[in-house]
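Structure record follows, encoded as structure tokens.
Just so it is clear, none of the values below were taken in a lab; they were calculated from the coordinates. Keep in mind it's a predicted model, so treat the numbers as computed, not measured. Neighbour counts are summed over all protein chains in view; Cβ atoms, including those assigned to glycine, are modelled from backbone coordinates with ideal geometry.
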Amino acid sequence: MRIATWNVNSLTARLPRVEEWLGYAQPDVLCMQETKVADGAFPAMALSALGYETVNHGDGRWNGVAIASRLGVTDVQHGFGPDVDEQGCRLVAATCGGVRVHSIYVPNGRAVDSEFYKAKLAWLDELRRFVDLTCAPSDPVVIAGDFNVAPEDKDVWDPAEVSGATHVTEPERSALRALEDWGLVDSFRSLYDQDGLYSWWDYRAGNFHKHKGMRIDLLLLSEPLARRCRYALIDRNARKGRQPSDHAPVFVDLDD
DNA sequence: ATGGTTGCGAAGCAA
């Protein structure tokens, strides 16, 4: 079973690249973020033609998360719940092929002294609470998406250059660890130890070609899935060519 | 170096 995550930065703009990628990567489940498309305008037919059932949680202009699955989509949940401010459409969950799949888009946080940064930490805390309420660590669970947090310094091109900025601060990393402490494994990192492996590169200033990126797109697996994980990949090739997203897709392969 | 680029939507904001 291949489970992928990709911040597509507008599914409308990226649909040709997403169709192309589904065609050659053949994931069973693809979690997308920043679909930037309202539910009514979601390209469900195009993805259905490729064999994927889809669910979107979007209100149009910003954010938006989706799941495409060729293993079915049941028990869909949009957002944390009616009484929780989720800061836009940032979470959708569904059961796909027996796995509880969450596609998440963590708030960016902007500047560390901003209200947005505080809201980011609060959102991560809410995610921890949500997972605890809706799943057990012994369940097959994946939290996949754009976390907007680089877990360690080796997930950043130059820790000194971004020191003190969002994505790398200790409170953000601590919030991520709190989620992992519930019983989730950053399986890409447990397979590959080296630095220089990034999933996002700013469009500006030729950062991709300068290898100035961060690893902020993660697939956190509960233990029953983590022990089945033998391979993971960040598909840098999908960051190249015509009209790429600023993020590359990431996937994990689970043994049957 | 406070720049640079992309998407949305039609100016400026968010990333």
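Couple of notes before you dig in:
- Per-residue HN-Hα couplings for segment A:98-111 [Karplus 6.51, -1.76, 1.60; θ = phi - 60°; Hz; x = Gly/Pro]: x, 10, 7, 9, 10, 9, 10, 10, 6, x, 5, x, 6, 8
- Note on residue A:161 and residue A:38: the extension gain reaches 40.6 nm, defined as 0.36 nm multiplied by sequence separation minus the Cα-Cα distance.
- Length released on extending from residue A:118 to residue A:138, taking residue separation times 0.36 nm less the Cα-Cα span: 4.1 nm
- Between A:231, A:203, A:24, the GNM of chain A built on Cα springs shorter than 10 angstrom shows A:24 fluctuating the most.
- Chain A - Kirkwood radius from inverse mean 1/r over Cα pairs (Å): 18.0 Å
- For chain A, leaving out every one of the trypsin sites (Lys or Arg not before Pro) that falls in a DSSP loop and has at most 12 other Cβ atoms within 10 Å, the longest unbroken run is A:62-209.
- Long-range lysine pairs (8 or more apart or interchain), chain A, Cα under 27 Å: 13
- What separates the Cα centres of segment A:230-255 and segment A:79-99 is a distance of 24 Å.
- The loop-placed GluC sites (Glu not before Pro) in segment A:110-219, going by DSSP, that have at most 10 neighbouring Cβ atoms within 10 Å of their Cβ come out as A:161.
- Inter-probe distance in nm under a simple model that places probes 7 Å from Cα toward Cβ, at residue A:76 and residue A:153: 4.5 nm
- Taking amide H positions as modeled 1.01 Å from N, with prolines and chain starts lacking one, the residues under 5 Å from residue A:104 and 5 or more places away or on another chain are A:144, A:145, A:146.
- Placing +1 on the Cβ of every Lys and Arg and -1 on the Cβ of every Asp and Glu, with nothing else charged, gives segment A:2-254 a dipole about its Cα centre of roughly 800 debye.
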